[in-house]
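Participant: I have a structure I would like to understand better, so I am pasting it below and will then ask my questions one at a time.
The values are calculated or read from the model by the stated rules, or taken from the named source; none is laboratory data. As the structure is a computational prediction, the values presented were derived from the model and not from experiment. Cβ: placed from backbone, ideal geometry, glycine included. Neighbour counts: every protein chain shown.
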Amino acid sequence: METNKLSDVKIRAAKPQDKLYSISDGEGMFLEISPKGGKWWRFKYRFNGKQKRLSLGTYPSTSLKAARDKRQQARELLASGVDPAQQRKTEKLATETALRNTFAGVAEEWAQNKVRSEKWTPTTEKKRRIWLDNGLMPYLGSRPISEITTAELWGVLQHTQKTSGYTANRLRGMASEIFNFAMATGRADNNPALPLQGQIAVKKEKHRLAILEPDEVGKMLRAIDGCQAAVTTKAAARLAPLVFVRPGELRHAEWSEIDLKKALWSIPAEKMKMRESHVVPLSRQAVAILKEIQPLTGSSGYVFEGTKPGEPISDNTLNKLLKALGYKGKMTQHGWRAIARTLLDEVLDVRVDWIEHQLAHSVRDANGRAYNRTSHLEGRIGMMQLWADYLDKLKARK
């Protein structure tokens, strides 16, 4: 039987026709040419009395020589009584299984499970994946998860601990969850992260910085009003003290959540730290800020759209603004929550349970039941307007 009939010259000369056709190279191998010009290498053979075909790749990605090498490998398998197609499936399954059993494969399943079970908000998922990608994957990603030892993990965490004990400790916790997931799914017999619990030195975290003196708060508000910043950044910075939500909740505010006529902002549960929906009454001042920015971002999803279309301002944008205004080491964006909590209670004498509810903290009634999202809404509407008017008075002091 004639073999090696083809050459690159013949292959390049083979033009598409109205129907699929093929040209033979011999010994069962041929090149299939589609009406659109695609060229596929095929190997035709018989196994256990059945006619079969095996794909050897596309031309020119798979060269003539490479295709012939694959044909030879297939013929050798046949000579030893092995079906080449079944062998390929077996090898593919083995590769997929090996990948699923690596630290990276298990970690991805664990992360997807967190998302499906709604234990992670989109913001949380993004942060956790960044930690994984930077802190664990470069060192453990390709390793079979069942072979990772406590000593190996300790070496990885020490690398991170040099710059941040806090991050190293969080990575240990994430790794522990991933190993537990591997054990639950039958891919590991032990959790090498457990012996490392409490072994990572973490500096005592400072409380989130906040300025609590009313006159200083007024001075800071005036600085924000007079700053030179991008329109969306400045609008977010002005709105932040009026609503005192968590920074991530503010950044991810969407127009679909805001009812300017009713002056209410309804934040869905998946965006909230406590995984419960939350209602934020909007004062007249807050509504005015939103109306100012609506012509600019109203057609997009996010109220405070960043430089990339379809994405909100970055998580450090507002803190950078505070630093630029001279508040580095004195105030962070999260500090507005502490300011509101303190001054609403100690200066304006507002009911503490209203304040805590508006901060989206877990608040329970006398019977231990959690309040729902609209509990004390009328009272909180009045509280938010009282707060906004008070901030205006602080700004007016000089």
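Participant: Going by the conditions given, is Asp133 in contact with a Lys or Arg (Cβ under 7 Å, 6 or more places away or on another chain) and either surrounded by 14 or more Cβ atoms within 10 Å (Cβ to Cβ) or not in a loop (DSSP other than H, G, I, E, B) (or both)?
Facilitator: no
Participant: Enumerate the pairs (first residue in segment 179-196 and within 14 Å of Leu153 (Cβ to Cβ); second residue anywhere and among the hydroxyl-bearing types (Ser, Thr, Tyr) and assigned to a helix (DSSP H, G or I)) with beta-carbon separation below 7 Å, excluding pairs fewer than 6 apart on the same chain, so at least 6 apart or on different chains.
Facilitator: From residues that are within 14 Å of Leu153 (Cβ to Cβ), the pairs are Ala188/Ser146; Asn191/Ser176; Pro192/Thr150; Ala193/Ser176; Leu194/Ser176; Pro195/Thr150; Leu196/Thr150.
Participant: Could you list all residues from segment 262-278 that are under 22 Å from the mean Cα position of the chain (by Cα) and outside any strand (DSSP E or B)?
Facilitator: Pro268, Ala269, Glu270, Lys271, Met272, Lys273, Met274, Arg275, Glu276, Ser277
Participant: Among the candidates Arg42, Arg116, Arg128, Arg71, single out the residue that is more than 28 Å from Arg12 (Cβ to Cβ) and crowded, with 16+ Cβ neighbours inside 10 Å.
Facilitator: None of the other options fit; the residue is Arg128.
Participant: Of all residues being surrounded by 15 or more Cβ atoms within 10 Å (Cβ to Cβ) and among the hydrophobic types (A, V, I, L, M, F, W, C) in segment 356-376, which is modelled with the highest pLDDT? Just the residue, please.
Facilitator: This residue is Leu359.
Participant: Now for a different question. In segment 258-273, what residues are of a type outside the set (Lys, Arg), crowded, with 16+ Cβ neighbours inside 10 Å and more than 19 Å from Arg284 (Cβ to Cβ)?
Facilitator: Those that are of a type outside the set (Lys, Arg), crowded, with 16+ Cβ neighbours inside 10 Å and more than 19 Å from Arg284 (Cβ to Cβ): Ile267, Met272.
Participant: For residues in segment 138-163 being among the aliphatic types (A, V, I, L, M) and surrounded by 15 or more Cβ atoms within 10 Å (Cβ to Cβ), which is nearest to Ala193 (Cα to Cα)?
Facilitator: The residue in question is Leu153.
Participant: Now a separate question. Name the residues in segment 74-87 that are in a helix (DSSP H, G or I) and loosely packed, with under 13 Cβ neighbours inside 10 Å, would you?
Facilitator: Kept after step one, since they are in a helix (DSSP H, G or I), are these residues of segment 74-87: 74-79, 84-87.
Matches in segment 74-87: Glu76, Ala79, Gln86.
Participant: Select, from Thr123, Thr90, Thr163, the only residue that is under 30 Å from Pro247 (Cβ atoms) and assigned to a helix (DSSP H, G or I).
Facilitator: Of Thr123, Thr90, Thr163, the one residue that is under 30 Å from Pro247 (Cβ atoms) and assigned to a helix (DSSP H, G or I) is Thr123.
Participant: Any residue at all in segment 92-101 that's of a type in the set (A, V, I, L, M, F, W, C), over 27 Å from the mean Cα position of the chain (by Cα) and exposed (fewer than 13 other Cβ atoms within 10 Å of the Cβ)?
Facilitator: There is at least one residue in segment 92-101 that is of a type in the set (A, V, I, L, M, F, W, C), over 27 Å from the mean Cα position of the chain (by Cα) and exposed (fewer than 13 other Cβ atoms within 10 Å of the Cβ).
Participant: Out of (1) touching a helix residue (DSSP H, G or I) at 6+ places or on another chain (Cβ under 7 Å); (2) buried (at least 17 other Cβ atoms within 10 Å of the Cβ), the odd one out for Asn169 is which?
Facilitator: If we test Asn169 against (1) touching a helix residue (DSSP H, G or I) at 6+ places or on another chain (Cβ under 7 Å); (2) buried (at least 17 other Cβ atoms within 10 Å of the Cβ), just (1) comes out false.
A quick yes/no check of all residues on (1) crowded, with 21+ Cβ neighbours inside 10 Å; (2) touching a helix residue (DSSP H, G or I) at 6+ places or on another chain (Cβ under 9 Å); (3) within 20 Å of Gly226 (Cα to Cα):
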residue: Leu282; (1), (2), (3): yes, yes, no
residue: Lys291; (1), (2), (3): no, no, yes
residue: Pro295; (1), (2), (3): no, no, no
residue: Ser300; (1), (2), (3): no, yes, no
residue: Val303; (1), (2), (3): yes, yes, no
residue: Pro309; (1), (2), (3): no, no, no
residue: Pro312; (1), (2), (3): yes, yes, no
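Participant: Do you know which residues across segment 143-166 are modelled with pLDDT under 90 and in contact with a helix residue (DSSP H, G or I) (Cβ under 7 Å, 6 or more places away or on another chain)?
Facilitator: Those that are modelled with pLDDT under 90 and in contact with a helix residue (DSSP H, G or I) (Cβ under 7 Å, 6 or more places away or on another chain): Thr160, Gln161.
Participant: If you take the residues of segment 140-160 that are of a type in the set (A, V, I, L, M, F, W, C) and part of a helix (DSSP H, G or I), which of them is nearest to the chain's Cα centre (by Cα)? Full working, then the answer.
Facilitator: Looking only at segment 140-160, we keep the residues that are of a type in the set (A, V, I, L, M, F, W, C), and these are 140, 145, 148, 151, 153-154, 156-157.
Narrowing the set further to residues that are part of a helix (DSSP H, G or I) leaves 140, 145, 151, 153-154, 156-157.
On the way: Leu140: 20, Ile145: 23, Ala151: 29, Leu153: 24, Trp154: 26, Val156: 23, Leu157: 22 Å.
Only one residue tops the list, namely Leu140.
Participant: One residue is enough: does segment 388-397 have a residue meeting the conditions at pLDDT 90 or above and in contact with an Asp or Glu (Cβ under 8 Å, 6 or more places away or on another chain)? Let's see the steps before the verdict.
Facilitator: We begin by selecting, within segment 388-397, every residue at pLDDT 90 or above; these are 388-396.
Okay, now just the ones that are also in contact with an Asp or Glu (Cβ under 8 Å, 6 or more places away or on another chain), so 394-395.
Yes, some residue in segment 388-397 is at pLDDT 90 or above and in contact with an Asp or Glu (Cβ under 8 Å, 6 or more places away or on another chain).
Participant: Answer with yes or no whether Thr58 is closer than 30 Å to Pro138 by Cα and of a type outside the set (Lys, Arg).
Facilitator: no
Participant: May I pose another question? Tell me which strands (runs of 3 or more DSSP E) are completely within segment 1-70 and hold 2 or more residues being at negative phi and under 41 Å from the mean Cα position of the chain (by Cα), or say none if there are none. Working first, answer last.
Facilitator: On the way: elements: 21-26, 29-33, 39-47, 50-58.
Strands (runs of 3 or more DSSP E) meeting the threshold: 39-47, 50-58.
Participant: On to the next question. Restrict the check to segment 307-315 and report whether at least one residue is basic (Lys, Arg) and over 16 Å from Leu239 (Cβ atoms).
Facilitator: Looking through segment 307-315, at least one residue is basic (Lys, Arg) and over 16 Å from Leu239 (Cβ atoms).
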